[in-house]
Amino acid sequence: MQSGYILGVLPSGQNRLNRPFWTVFLGYNWLQRNLVKPSFYPLRNCWRVRIPASESETGTRFAKYFETKEAAEHFIAEHRKTGSIQLAELSVEEKHVLGLIRKSEFYKPELLLDVWRAHVANRQAGAHPSLTVAELCRAFYGRQISEGRAYRTIADDRWRLNQFAQALGDIDSKNCTSGQIFQYLEAKPPGTNRRSHFKTLKKLWRWAVQSGRLDVDPMSKLQPADEWGVNAEHLSAALYKRLLRVIAGKEPAS
């Protein structure tokens, strides 16, 4: 039978990767039993277990300290059962849960991390619970006041937000679509009033995204239907003549 070595100098001409499997297996066990073992540490008057980098989930070696040799040996025994230094420190309940998960045919270690990240994301999202459109409008209006916006701006925003909330206020703001907002604006008569509504709603949804209340701006791709100062409504002949008489002073304005 061909011989081989794990440590020290290899026999002449032998490649490390081509050595017999049994030598690799025995060498691995030798490392396990000789590198992970308790030793008395006089500086602390306790027992120390050195964990090599290969046995550490962080990839760096470290040491653990125990009051008795028995406690250190128990730790090593638990480590050899689980195959991981970190798993040896899990509670019984945690080991039980992981054991159940590993029985699934769909189990993959990275899936546990994905689930944990999703859980953390949901907890963070809970800092800004989902609001209806009406609640979102109220929150934005309150923000406008706290920011000290001009009285005219606040008054105009309040009026436009109230109209929008009356139309779509019961919808969850996260489910409000660009199509619904477009239809709401389309129902407004053409002219500067519709453009002003567009401006107010644009501010509302942009603030909702920037403040973390929403992930997507439903108005990001919407364009205003009118230019500023364009009013497509036409004055009647009678109203036009009256305006001329008022301007000429031939008729009172009221």
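The values are calculated or read from the model by the stated rules, or taken from the named source; none is laboratory data. This structure is a prediction, so every number in the text was calculated from the model and none was measured. Please note: Cβ atoms are built from the backbone with ideal geometry, for glycine as well, and neighbour counts cover all protein chains shown. These area figures cover heavy atoms from the full protein model, side chains too; ligands, DNA and RNA do not enter into them. Shrake-Rupley method; radii C 1.70, N 1.55, O 1.52, S 1.80 Å.
Points to keep in mind about this one:
- Taking every Cα-Cα distance in segment 131-170 and sorting them into 5 Å bins starting at zero, the pair-distance distribution P(r) comes out as 6, 28, 31, 21, 11, 3 percent.
- Put simply, the Cα atoms of segment 145-202 extend 32, 28, 17 Å along their principal axes, the longest span coming first.
- Packing-based order for 38-50, 205-217, using average beta carbon neighbours within 10 Å, highest first: 205-217, 38-50
- Amide proton proximity set for PHE62, modelled H, under 5 Å, gap of 5+: ILE51
- With all protein chains modelled, accessible area of PHE75 [1.4 Å, Å²]: 20 Å²
- Qualifying trypsin sites (Lys or Arg not before Pro) in segment 88-179, DSSP loop, other Cβ atoms within 10 Å at most 16: LYS103, ARG149
- Segment 111-207 - accessible surface per residue (Å², probe 1.4 Å): 59 Å²
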